[in-house]
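First the structure, in the form of structure tokens, and then the observations on it.
Each reported figure results from applying straightforward, stated rules to the coordinates on display, with no laboratory input. Given the structure is predicted, the values throughout are model-derived calculations rather than measurements. Quick reminder, even Gly has a Cβ in these numbers, built from the backbone with ideal geometry, and neighbours come from all protein chains shown.
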């Protein structure tokens, strides 16, 4: 599986070329507030581990330190990334936000609305599967970026339902 992962302080979204049942994977997981940070990370790790395996390529959004985010949020995002990456044996790569946005939408630094519009225009079926969840849309675009890296191609018109040689 080639998958994109969008992270939050208490959540992750993963979209991949195939999931545990050999079909596209669209999965959003969020921990409700009220647990200790240890419990949150433990739950995220447990769920993430069940979704990935050795043969996977994971492209994970690098936590940004920008805009309205403060240093505590940045630190918590890094905790989430570190925890889920330590939970998997998949080949995992951190991707700066501007890199995946430039490779898909055509310009780094665009807002979430333009990311959703790009996905709807270029991959309407994938956009529909995201069902309005912006985290899944971001993960889908990150996965799309991952396809270009793994395949070594600049062509972004890649089918989501092809088996990729590993």
Would you pick out the residues in the stretch 95-118 that are surrounded by 15 or more Cβ atoms within 10 Å (Cβ to Cβ), more than 15 Å from the chain's Cα centre (by Cα) and farther than 18 Å from residue 60 by Cβ?
-> 105, 110, 117, 118
Among the listed residues 92, 86, which satisfies the condition of being within 20 Å of residue 1 (Cα to Cα) and over 15 Å from the mean Cα position of the chain (by Cα)?
-> 86
State whether the residues of the stretch 64-76 include one that is crowded, with 18+ Cβ neighbours inside 10 Å and either in contact with a strand residue (DSSP E or B) (Cβ under 8 Å, 6 or more places away or on another chain) or more than 22 Å from residue 39 (Cα to Cα) (or both).
-> no
Filter result for the condition that a residue is farther than 26 Å from residue 104 by Cα and in contact with a strand residue (DSSP E or B) (Cβ under 7 Å, 6 or more places away or on another chain), over 44, 25, 51 | 44
How many of the residues making up the stretch 119-142 are over 21 Å from residue 58 (Cβ atoms) and assigned to a helix (DSSP H, G or I)?
-> 7
Please give the strands (runs of 3 or more DSSP E) falling wholly within the stretch 1-118 in which 1 or more residues are free of Cβ contacts under 8 Å to residues at least 40 places away in the same chain.
-> 25-30, 91-95
